[in-house]
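Enquirer: This is the structure I have questions about; it appears just below.
Read the figures in this text as sums done on the coordinates, not as results from a lab. It should be emphasised that the depicted structure is a prediction, and the values quoted were computed from it without experimental measurement. Virtual Cβ from ideal backbone geometry, glycine too; neighbours counted across all protein chains shown.
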Amino acid sequence: MKRLRLAAILALAAAASGPAGGTDLVASPLAGATWRIAAIDGKPVEARRGDGAEPAVPQFAFGWRSYGGNAGCNALGGLYAQVGDRLYTLPGPQTAMACGSPHGDQEDAANAILSASPIVARDGATVRLSGGGHAMELVRIGPAPANADPPTAWQGAALSGQSFAIEVVDGVRTEGMRLWKNPPRLRFGEGDVTMALDCPKPAKGVFTQSSEHLHAAVLEPTCAEPRDRALAAILGADPRIVSGPNGELLLASARGWAILWNERRDRPK
C-alpha cells in the first residue's frame with residue numbers, strides 16, 4: 001500500500017513542482033470579519049484604559065491567513081489556518097505592556113486558547129473557541145479592516161529547494177531555534193523531502209505542492225521517536241501551508257500542526 005501511494009505521488013511530483021497560479025484555500029468561518037470578545041471562561045471581558053484615551057475594544061480581526069487584535073491589553077496576532085473544526089496558529093511578536101488583573105488574566109487565557117489548536121464552534125454571528133483549558137466567545141461586529149490579507153492566490157514561494165528548521169510539532173517545541181547552526185530540519189528538493197528530527201537517521205519521501213496545500217508521502221520514520229511520527233503524520237495528511245513575511249511557515253492538517261523557519265532567513269529575535 002505504501003509503495004502504491006509513493007508511486008502515485010511521484011507521478012504528481014513530475015507533473016507539478018510548485019504552487020498553482022490560483023488558490024485552493026478553504027476559508028475559516030472567522031475569515032474576513034472582525035470579532036468582539038464577548039466573554040472568556042464565561043466572564044465578560046474588560047477593556048484597558050490608559051492615557052485618557054478611549055479604551056480599545058477587546059477584539060480580533062481575521063483575514064484569510066492572518067489575524068490580529070487584543071484581549072484587553074497588548075496587541076496579539078499571527079498566522080492561522082483552520083482545518084476541520086480546529087484552528088491552528090503561528091503567533092507573531094506582541095507588545096509587552098504590563099497588564100494587571102483582569103486584563104492580564106484575559107490576555108493569558110486568550111494566548112493559551114490560540115496556542116492550543118482550539119476547537120471552533122459557530123452559531124450564527126457567534127463563535128466559540130475552546131482549548132488550553134479555556135473558552136472564548138466571539139461576536140461578529142463587522143468586516144475585517146481593508147488592510148487584512150485578502151483571499152487572493154497564494155503569494156508564498158515554492159517549497160522546492162527550501163530548507164526549514166523545525167521549531168514546533170503539535171505544540172511541543174524542539175531545539176530548532178537554539179541549535180540554529182544544525183537544527184532539526186525539513187528539506188525540500190525537486191520533488192523529494194527529507195525529515196531529520198529526533199531519529200538518528202533521517203526519513204525520506206516525496207512531495208508535490210498545489211497552491212495552499214502540501215501533498216507528501218514520507219517514508220516511515222527510522223525509529224519510534226514520537227515527534228518524528230507526529231510530523232510524518234502531519235505531512236502525510238495534505239497539510240495547509242501558510243507562509244509569513246520572515247521565513248516562518250505553518251503546516252496544519254487533520255493530524256496536527258508544525259511551525260518551521262526558513263534557514264535562509266535571519267533567525268527570529
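Enquirer: From the list Ala196, Ala216, pick out the single residue that is in contact with a Leu (Cβ under 9 Å, 6 or more places away or on another chain) and either hydroxyl-bearing (Ser, Thr, Tyr) or surrounded by fewer than 21 Cβ atoms within 10 Å (Cβ to Cβ) (or both).
Expert: Ala196 is the lone residue from the list that is in contact with a Leu (Cβ under 9 Å, 6 or more places away or on another chain) and either hydroxyl-bearing (Ser, Thr, Tyr) or surrounded by fewer than 21 Cβ atoms within 10 Å (Cβ to Cβ) (or both).
Quick grid of which residues meet (1) in contact with a strand residue (DSSP E or B) (Cβ under 7 Å, 6 or more places away or on another chain); (2) surrounded by fewer than 16 Cβ atoms within 10 Å (Cβ to Cβ); (3) β-branched (Val, Ile, Thr); (4) over 25 Å from Arg255 (Cα atoms):
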position: Asp85; (1), (2), (3), (4): yes, yes, no, no
position: Leu90; (1), (2), (3), (4): yes, no, no, no
position: Thr95; (1), (2), (3), (4): yes, yes, yes, yes
position: Gly100; (1), (2), (3), (4): no, yes, no, yes
position: Gly104; (1), (2), (3), (4): no, no, no, yes
position: Ala116; (1), (2), (3), (4): yes, no, no, no
position: Met136; (1), (2), (3), (4): yes, no, no, no
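Enquirer: Out of all the residues in the range 225-254, which are surrounded by 21 or more Cβ atoms within 10 Å (Cβ to Cβ), hydrophobic (A, V, I, L, M, F, W, C) and part of a helix (DSSP H, G or I)?
Expert: Selection gives Leu231, Ala232, Ile234, Leu235.
Enquirer: Give the range 132-164 a look and list any residue that's within 19 Å of Gly72 (Cβ to Cβ) and under 17 Å from the mean Cα position of the chain (by Cα), or say none.
Expert: Passing the criteria: only Gly132.
Enquirer: Picking from Gly247, Gly256, which residue would you name as being in contact with a helix residue (DSSP H, G or I) (Cβ under 8 Å, 6 or more places away or on another chain) and on the phi > 0 side of the Ramachandran plot?
Expert: Gly256
Enquirer: State all residues of the range 79-122 that are polar (S, T, N, Q) and under 24 Å from Trp261 (Cβ atoms); if no residue qualifies, say none.
Expert: The answer is Gln82, Thr89, Gln94, Thr95, Asn111, Ser115, Ser117.
Enquirer: Another question about this same structure. Can you tell me which residue within the range 201-224, out of those that are assigned to a loop (DSSP other than H, G, I, E, B) and touching a Ser or Thr at 6+ places or on another chain (Cβ under 9 Å), is farthest from Ala158 (Cα to Cα)?
Expert: Lys201
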